[in-house]
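Colleague: Starting off with a structure, shown below.
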Amino acid sequence: MDYFTVLLHYFPARFFFPEKALCLLTNPQKKGIMIKAGIFWSIFPDLEEKMKLYDELVARGLIAQVTNEQEIRDTIDNGKATFYIGFDCTADSLTAGHFMALTLMKRMQMAGNKPIALIGGGTTMIGDPSGRTDMRKMLTREDIDHNAECFKRQMERFIDFSEGKARMLNNADWLLKLNYVELLREVGACFSVNNMLRAECYRQRMEKGLSFLEFNYMIMQSYDFYYLYQNYGCNMQMGGDDQWSNMLGGTELIRRKLGKDAHAMTITLLTDSQGHKMGKTAGNAVWLDPNKTSPYDFYQYWRNVDDADVLKCIRMLTFLPIEQINEMKDWEGAQLNRAKEILAYELTSLVHGEEEAKKAEAGAKSLFGAGAQAEIPLTELKDEDFTDGVIDLGTILVKAGLVPSKSEARRAVEQGGVSADGEKISDFKKTYTKADLKDGVVFRRGKKNFRKVISL
């Protein structure tokens, strides 16, 4: 970076320069001497050239595939991208699986690029076959609209939607107005069935069967990009690496219909060291909605990631500086546990706010004897949960979310992995009265999964 560019970039006119720094400005002849002598950097030690956005994404291991690396690099580094990421409304909450996309949008916006959060009110009615072994459940229009509203509220924690900084759109606004015959003539003619069947999202479904409904998904997603390019100047699509074929369909449609270049970039899927998608626990998704996954449970999920995954998660999901993260690469034992706490706190703070992150951290530490009593996730039992005034252990564990089923509860007890207020339980048939639970009992499954159960 040019010397005077550095000064102008880092120091506005109102900044009061020290005497030595003024010397550099008023006497350019001394500039080279002082820089060579290392005096300049001693005056301004923080004036190192900041890592560009594209290089940072690479350093964090986020980029999987790109259509044109140099053009994408130049575009996003200079804040010239208007990009979109699509979110199909298959549930009433975003999940930890959406975390990568949300944090990417935030990083891109911080660098001056303009995000479009595309709510898939239309595409959800078809269902994305990518990464699926069976057809998705078909939702009603009312369910989809409800889910879309829930998504909007959660996205606002990550993205600034104030005037001119970002857009939130719903593809139902144009997809549901399409004339089918016109779509076939104008768009369908641009797609080769042979090429579509070679795409990974379709190929993996061919053995078990691919419905014609799902077969249209690539065309719908491609049309989204084409529509956004024309109407909103959207020049880039981003998404998970399992969307690569669909995204290329969009760039090709724009090229064939408009003779223009648009770009696609996929991000690395968040998987554990065994290659399994992260963001699920006890058979359920880790939700961003605090009513579906409490801030404490959210914190605990990330606190309990495998040792092999913690630094990768910190690098890919948090906004901690790369330099700070690199310092953790040799951490072991207690230091590695500290890294997990950092990960859990940073992500909980990002999703639920700093206050909830502090509560979750304090609650976790109190259970390990590292602090005073603090908030522990609570399960409240009502009268109808009791039969003849009692409730069995298996039902308690299921209602507390510590196990997905009674059969799993039985196995956990038989393996010695269940305790109540610190005492191991060996009898799966054990029952509790309302009086037993009136002050609350902390049930534990394994070493790190807790829930306080209380009768109302």
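Colleague: Can you go through Glu361, Glu323 and tell me which one is assigned to a helix (DSSP H, G or I) and surrounded by fewer than 17 Cβ atoms within 10 Å (Cβ to Cβ)?
Modeller: Values: Glu361 fails: surrounded by fewer than 17 Cβ atoms within 10 Å (Cβ to Cβ).
Answer to the selection: Glu323.
Colleague: Could you grab me the full set of residues in the range 139-184 that are modelled with pLDDT under 85, surrounded by 15 or more Cβ atoms within 10 Å (Cβ to Cβ) and not in a helix (DSSP H, G or I)?
Modeller: Leu139
Colleague: Please specify each residue of the range 410-435 satisfying the condition of being acidic (Asp, Glu) and touching a residue at least 12 places away in the same chain (Cβ under 8 Å).
Modeller: If the condition is that a residue be acidic (Asp, Glu) and touching a residue at least 12 places away in the same chain (Cβ under 8 Å), then Glu414, Asp421, Asp427 are the ones that fit.
Colleague: With the checklist (1) in contact (Cβ under 8 Å) with a residue 40 or more places away in the chain; (2) within 17 Å of the chain's Cα centre (by Cα) in hand, flag the one item Arg153 doesn't pass.
Modeller: (1)
Colleague: Something else: Please list, ordered by residue number, the helices (runs of 4 or more DSSP H) wholly in the range 185-246 having 1 or more residues that are exposed (fewer than 15 other Cβ atoms within 10 Å of the Cβ), modelled with pLDDT under 85 and more than 29 Å from the chain's Cα centre (by Cα).
Modeller: Result: 193-198, 212-215.
Colleague: When the range 305-320 is examined, which residues are found to be in a loop (DSSP other than H, G, I, E, B) and either modelled with pLDDT of 90 or more or surrounded by 16 or more Cβ atoms within 10 Å (Cβ to Cβ) (or both)?
Modeller: Applying the first criterion (in a loop (DSSP other than H, G, I, E, B)) to the range 305-320 yields 305-306, 318-320.
Correct list: Val305, Thr318, Phe319, Leu320.
Colleague: Between a first residue in the range 328-347 that is buried (at least 17 other Cβ atoms within 10 Å of the Cβ) and a second residue that is of a type outside the set (S, T, N, Q) and in a loop (DSSP other than H, G, I, E, B), which pairs have beta carbons less than 6 Å apart while being 6 or more apart in sequence or on different chains?
Modeller: From the range 328-347, the pairs are Ala339/Met328; Ala339/Trp331.
Colleague: Suppose the filter is of a type in the set (D, E, K, R) and more than 25 Å from Ala148 (Cβ to Cβ); does Lys277 pass it?
Modeller: no
The values are calculated or read from the model by the stated rules, or taken from the named source; none is laboratory data. Everything quoted here is computed from the prediction, not taken from an experiment. Note that we place each Cβ from the backbone using ideal geometry, even for glycine, and neighbour counts take in every protein chain shown.
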